[in-house]
Amino acid sequence: MIKNTDNSYGLVAKSFHWVLFMMLSFSIVAGNFLADMPKGAEKLEAAGMHKSFGAVLLMLIMFRLAWRLVNTTPRLPDETTAKEAFLAKAMHWGLYVLMFAQPLSGIMMSQAAGFPVSFFGLFEFPVFLNENSELAKTFLSIHGTVWILLVIAVFGHVGAALHHHFVKKDNVLKQMTKGA
Ligand code: HEM
Ligand code: HEM
């Protein structure tokens, strides 16, 4: 099934979910290597790759959100309480906010620091922030914090998925893992 149904996520939502899981994990590790590199030509080159890859991620996250908004989402298990339903919703939207905040803060940090953001050298993103070193520092600290919040949220998210599968023994994890 390409689209989501009442009982399961479809192929597109599953692909977005797992491809973005891998790409986000990779970017978090790569970003940490980048932050530890000494200033110089090598760091500039690595930063260029990290930024272009981050821009691809931003686009994928936008497409993923659009796809979610035009689709149904699978129904929660019947025994879900109102509080649990609220928590599940809040967690999903919180994950979206954090996914967006990471690349956006990266782009704003670069622009405020006076570095253009290029897409694999093919074109440059329009500049919407003037150079401002104070602002660059603020976005750097946001960029250095949001990924930690994302990792913490994902631990909670995985914990909830495993709880559904092994304790409640319902279909929630299978909805995101089972083939079409
Ligand atoms: C979802 C996509 C992205 C992820 C997961 C990500 C992740 C990270 C992480 C974990 C760090 C290390 C932060 C630290 O501990 O200080 C980092 C550093 C960095 N990121 Fe990103 N990033 C993403 C997108 C971007 C984008 C789109 C840009 C710019 C256009 C960018 C620019 C940078 C720069 C310049 C650094 C190095 C900062 C320094 O020298 O300390 N990132 N990134
Ligand atoms: C970067 C890491 C992750 C992020 C940002 C993330 C984000 C999300 C989001 C936003 C949803 C809602 C559906 C959607 O809009 O696509 C979702 C659903 C789901 N995720 Fe993740 N996820 C991550 C990693 C994982 C991992 C490692 C697991 C493995 C246990 C997992 C299991 C699930 C399950 C079972 C669902 C369906 C649950 C439901 O609908 O309540 N996720 N995830």
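The values are calculated or read from the model by the stated rules, or taken from the named source; none is laboratory data. Please read all numbers here as calculations on a predicted model, not as lab measurements. For neighbour counting, all protein chains shown are included, and Cβ atoms are generated from backbone atoms with ideal geometry for every residue, glycine included.
All of MET108, MET59 fail the test of being under 19 Å from the mean Cα position of the chain (by Cα) and within 16 Å of ligand 2 (Cβ to nearest atom), apart from MET59.
Residue count for region 63-96 under the criterion of being surrounded by 13 or more Cβ atoms within 10 Å (Cβ to Cβ), aliphatic (A, V, I, L, M) and more than 9 Å from ligand 2 (Cβ to nearest atom): the result is 1. Scanning region 30-41 for residues that are within 8 Å of ligand 1 (Cβ to nearest atom) and either of a type in the set (A, V, I, L, M, F, W, C) or surrounded by 13 or more Cβ atoms within 10 Å (Cβ to Cβ) (or both) returns ALA30, GLY31, LEU34, ALA35, MET37.
LEU60 satisfies every condition listed in (1) of a type outside the set (Phe, Trp, Tyr); (2) over 24 Å from PRO126 (Cβ atoms); (3) surrounded by 12 or more Cβ atoms within 10 Å (Cβ to Cβ) except (2). Of all residues in region 83-110, those that are more than 13 Å from ligand 1 (Cβ to nearest atom) have Cβ atoms under 8 Å from Cβ atoms of residues that are not in a helix (DSSP H, G or I), 6 or more apart or on another chain, in GLU84/LEU76; ALA85/LEU76; ALA88/LEU76; ALA88/THR80. The residue that is modelled with the highest pLDDT, counting only those in region 162-180 that are among the charged types (D, E, K, R) and under 21 Å from LEU11 (Cβ atoms), is LYS174. Condition test on VAL146, is it of a type in the set (Val, Ile, Thr), within 26 Å of VAL29 (Cα to Cα), under 21 Å from the mean Cα position of the chain (by Cα) and crowded, with 16+ Cβ neighbours inside 10 Å? When the stated conditions are applied, VAL146 passes them.
Would you mind finding the one in LEU122, LEU104 that is of a type in the set (A, V, I, L, M), at pLDDT 95 or above, under 13 Å from SER52 (Cα atoms) and out of contact with any helix residue (DSSP H, G or I) (no Cβ under 6 Å at 6 or more places or on another chain)? That would be LEU104, the only listed residue that is of a type in the set (A, V, I, L, M), at pLDDT 95 or above, under 13 Å from SER52 (Cα atoms) and out of contact with any helix residue (DSSP H, G or I) (no Cβ under 6 Å at 6 or more places or on another chain).
Of the residues in region 118-140, how many are surrounded by 12 or more Cβ atoms within 10 Å (Cβ to Cβ) and of a type outside the set (Lys, Arg)? Spell out the reasoning first.
Filtering region 118-140 for residues surrounded by 12 or more Cβ atoms within 10 Å (Cβ to Cβ) gives 118-120, 125, 127, 129, 131-132, 135-140.
Pick out the ones that are also of a type outside the set (Lys, Arg) and you get 118-120, 125, 127, 129, 131-132, 135-136, 138-140.
So the count comes out to 13.
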